Amino acid sequence: MDQSLFRLVDLELDSFQRKWTLVNGPVIIGAGPSGLATAACLREQGVPFVVLEQAECIASLWQKRTYDRLKLHLPKQFCQLSKLPFPEDFPEYPTRKQFIEYLESYAKHFDINPKFNECVQSARYDETSGFWSVKTIVTSGSNKTEFEYICRWLVVATGENAERVVPDIQGLAEFGGEVIHACEYKSGEKFQGQKVLVVGCGNSGMEVSLDLCNYNASPSMVVRSSVHVLPKEVYGKSTFELAVLMMKWLPLWLVDKLMLILAWLVLGNVEKYGLKRPSMGPLELKNTKGKTPVLDIGALKKIKSGDINVVPAIKRFSYRQVELVNGEKLDIDSVVLATGYRSNVPSWLQEGEFFGENGYPKAPFPHGWKGHGGLYAVGFTRRGLSGASSDAMRIAQDIGKLWKDETKQHKKITIACHRQCISQF
């Protein structure tokens with residue numbers, strides 16, 4: 001490896017109308033919570049970095065693709081990022097607005113200044129030089145400029161929710177009414193009086209259905225497969241907090257059984273309302289498949305009262321109507337696709353060893369944070385913000401050690417060359 005490439009100041013050249021920069025440290029792709037946490041930990045290590053973000057703001061998922069009534073589903077102590085807790089006056093379950101405020105103050109506190117409107121086109125590792133080439137397109141108004149970053153380390157922080165999943169459902173193009181993804185849903189205000197089909201029964205599907213009820217719409221929620229519904233709290237204590245506490249002393253299978261008993265005591269038998277439970281326990285399902293249990297915040301009450309109509313899978317759409325697999329037909333005005341998100345890593349990362357085709361690291365937790373050739377991943381643990389924070393600390397410590405060792409080596413080479421030059425005079 002050419003040691004002369006390591007410099008204390010970034011080198012910028014303009015050649016053939018393509019700009020490029022040598023980064024003296026890692027490039028972090030993504031300025032969401034995972035990217036911010038990694039940058040903060042690197043700042044604490046004294047390691048310089050560059051954060052690239054395709055949107056014009058930090059945490060674009062939270063700022064642009066979430067509904068108004070959203071609150072964190074877990075207590076704030078499980079959602080705070082590394083090195084900086086939430087303000088004490090924040091409630092136990094901060095609102096969407098409060099969480100965005102926290103992230104913005106977090107970026108300011110650690111002097112994190114992402115390069116916005118930079119869409120990564122490709123990232124490729126060069127075995128010969130030991131460097132990564134990250135090519136982006138920078139958008140400024142109507143102007144687009146190609147840019148290239150050369151770096152020793154690459155941190156993928158685009159996360160599990162980089163792009164929406166839109167299923168291919170027969171006849172949807174002929175439906176004729178409004179069809180939106182949950183990322184475009186803000187509130188039920190414009191759906192007042194409408195019959196709305198919500199496709200999906202995860203946390204988003206449940207909460208959108210509840211919000212529609214609160215705005216006097218008539219939602220039907222599609223439950224295609226089994227789903228775990230747990231109470232958000234058990235006798236005033238966070239269900240998640242109870243699970244974490246029990247996991248310290250008990251095996252996972254036993255915690256799962258206890259969680260289901262508590263859910264039955266608090267919520268009753270939900271299967272008679274069309275919500276069939278999976279055979280695998282909620283924590284085991286989360287750990288192995290990444291499928292998050294639903295934490296009920298009021299939707300189940302609306303399901304029991306009939307205000308939310310639970311329906312089976314869709315067979316096909318026709319004009320202003322949907323036919324279900326059981327033969328039933330429903331007249332509907334609008335459709336909300338609460339069908340989730342996926343990783344976009346395979347579309348730009350030219351690497352097939354560390355990341356799989358699904359855009360997640362192949363190695364299971366807790367080994368999926370570090371690959372080969374200076375490649376790292378943060379925010380892919382399927383363990384929420386606390387998982388991202390723990391990975392961010394590991395990554396920063398690892399890069400910090402390597403960066404300091406290589407910087408020392410470069411200084412030794414520089415001093416040796418300087419002495420050799422002096423001796424020649």
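The values are calculated or read from the model by the stated rules, or taken from the named source; none is laboratory data. All values reported here derive from a predicted model rather than from experimental measurement. All Cβ positions, glycine included, derive from the backbone under ideal geometry; neighbour counts span all protein chains shown. Note: areas computed on protein heavy atoms with side chains; ligands, DNA, RNA excluded. Shrake-Rupley method; radii C 1.70, N 1.55, O 1.52, S 1.80 Å.
Points worth noting:
- The residues listed here are Asp307, Asp256; of these, the one that is under 23 Å from Gly188 (Cα atoms) and of a type in the set (Asp, Glu) is Asp307.
- Residue match in segment 291-305 (condition: in a strand (DSSP E or B) and touching a helix residue (DSSP H, G or I) at 6+ places or on another chain (Cβ under 6 Å)): yes
- When restricted to residues that are out of contact with any strand residue (DSSP E or B) (no Cβ under 9 Å at 6 or more places or on another chain) and β-branched (Val, Ile, Thr), segment 272-321 contains 2.
- Restricting segment 264-295 to residues that are open to solvent by less than 50 Å² (accessible area, probe 1.4 Å) and of a type in the set (Lys, Arg), the residue that is modelled with the highest pLDDT: Arg277
- Every residue from segment 248-261 that is surrounded by fewer than 18 Cβ atoms within 10 Å (Cβ to Cβ) and either under 29 Å from Ser220 (Cβ atoms) or in contact with a Ser or Thr (Cβ under 8 Å, 6 or more places away or on another chain) (or both): Leu260
- Of residues in segment 93-124 being free of Cβ contacts under 8 Å to residues at least 24 places away in the same chain and open to solvent by less than 20 Å² (accessible area, probe 1.4 Å), the one nearest to Arg152 (Cα to Cα): Tyr102
- Segment 323-346 residues that are of a type in the set (S, T, N, Q), paired with ones that are open to solvent by 40 Å² or more (accessible area, probe 1.4 Å) and not in a loop (DSSP other than H, G, I, E, B) (beta carbon under 7 Å, 6 or more apart): Ser334/Glu178; Asn344/Glu163
- Of all residues in segment 60-75 being among the basic types (Lys, Arg) and assigned to a loop (DSSP other than H, G, I, E, B), the one that is farthest from Leu103 (Cα to Cα): Arg69
- Failed item, numbered, when Pro85 is tested on (1) part of a loop (DSSP other than H, G, I, E, B); (2) touching a residue at least 12 places away in the same chain (Cβ under 8 Å); (3) open to solvent by 50 Å² or more (accessible area, probe 1.4 Å): (2)
- Any chance Ala59 is in the same structural domain as Tyr360 (by the TED database), within 27 Å of Trp348 (Cβ to Cβ) and without any contact (Cβ under 8 Å) to a residue 60 or more places away in the chain: yes
- Residues that are in contact with a helix residue (DSSP H, G or I) (Cβ under 8 Å, 6 or more places away or on another chain) number at least 3 in the following strands (runs of 3 or more DSSP E) confined to segment 107-210: 153-156, 195-199.
- Selection status of Gly368, modelled with pLDDT under 95, under 17 Å from the mean Cα position of the chain (by Cα), surrounded by 13 or more Cβ atoms within 10 Å (Cβ to Cβ) and on the phi > 0 side of the Ramachandran plot: no
- Hey, Leu250 in a loop (DSSP other than H, G, I, E, B) and aliphatic (A, V, I, L, M) or not: yes
- Residue satisfying condition, being within 16 Å of the chain's Cα centre (by Cα), of a type in the set (S, T, N, Q), open to solvent by 30 Å² or more (accessible area, probe 1.4 Å) and closer than 17 Å to Leu385 by Cβ, within set Gln80, Gln54: Gln80
- Within segment 173-200, restricting attention to residues that are open to solvent by 20 Å² or more (accessible area, probe 1.4 Å) and hydrophobic (A, V, I, L, M, F, W, C), the residue that is modelled with the lowest pLDDT is Ala173.
- Total residues in segment 88-106, condition farther than 18 Å from Ser389 by Cα, touching a Leu at 6+ places or on another chain (Cβ under 7 Å) and part of a helix (DSSP H, G or I): 1
- In segment 249-305, residue nearest to Gly205 (Cα to Cα) [restricted to those that are of a type in the set (Gly, Ala, Ser) and within 25 Å of the chain's Cα centre (by Cα)]: Ala299
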